[in-house]
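In what follows, a structure is listed as structure tokens, so that the remarks can point back to it.
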Amino acid sequence: MVEEIDQYMTLKLGNEQFAVNVAHVREVLEVSTITRIPTSPDYLRGVVNVRGTAVPVVDLRLRFGLAMAPDTVNTRIVVLDLLIDGESTVLGGVADSVHEVIELDASQINPAPRIAMRWRTEFIKGMARVGDDFIIVLDVNAVFGSDELVLLNQVAAEEPETIVA
């Protein structure tokens, strides 16, 4: 029997370490000018120009219910390719920091505990133990549902006001 091994990029939000399958990661950017969209929800920071395309940027801290934090030299925008309700979508997620790419096979990813879990379990593919650390493996397609897809498509079409993040 052949084990399926996938690569995951690790990132931090607050004190928690998360992993995203690299198959969804298009690129990682330093935080630059983010164009704010008036009347958008708090977790939507705005749009960023990625090679001539307006890409919506979501603050992952706020999306996961953490307090807002100022950007630092380690803050990054992770540009993701997602499949939401059968539609291909590109969006950026702001993370406190991005670390490394690790390999995990399916047997290393255990289901998320149903109780005493701080995070919404529908966003989580599972938990992996790497050394002494637990890493929360995200299901990035589940993090953004059809409501967000509609909102993100509207945001990309609106007239923004430029701000510096």
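The values are calculated or read from the model by the stated rules, or taken from the named source; none is laboratory data. Please read all numbers here as calculations on a predicted model, not as lab measurements. Note: ideal-geometry Cβ built from the backbone for every residue, glycine included; neighbour counts use all protein chains shown.
With respect to Val73, determine if the residue is under 23 Å from Val28 (Cα atoms), surrounded by 20 or more Cβ atoms within 10 Å (Cβ to Cβ), of a type outside the set (Asp, Glu) and at pLDDT 80 or above. Taking the combined requirement at face value, the residue does not satisfy it. Please tell me if Glu158 is modelled with pLDDT under 60, closer than 29 Å to Pro38 by Cβ, surrounded by 12 or more Cβ atoms within 10 Å (Cβ to Cβ) and under 16 Å from the mean Cα position of the chain (by Cα). Answer is no for this residue.
Take the conditions (1) within 12 Å of the chain's Cα centre (by Cα); (2) buried (at least 18 other Cβ atoms within 10 Å of the Cβ); Ser40 misses just one of them, which is (1).
With respect to (1) within 19 Å of Ile124 (Cα to Cα); (2) β-branched (Val, Ile, Thr); (3) at pLDDT below 90, the lone exception for Val78 is condition (3).
Here the condition is being touching a residue at least 40 places away in the same chain (Cβ under 8 Å) and closer than 21 Å to Ala128 by Cβ; of Val48, Val58, Val20, Val31, it holds for Val20 alone.
Note on the stretch 108-146: among residues that are of a type in the set (A, V, I, L, M, F, W, C) and surrounded by fewer than 14 Cβ atoms within 10 Å (Cβ to Cβ), the one that is modelled with the highest pLDDT is Phe134. For Val98, indicate whether it is under 15 Å from the mean Cα position of the chain (by Cα), farther than 17 Å from Ala142 by Cα and not in a helix (DSSP H, G or I). Against the criterion (under 15 Å from the mean Cα position of the chain (by Cα), farther than 17 Å from Ala142 by Cα and not in a helix (DSSP H, G or I)), Val98 qualifies.
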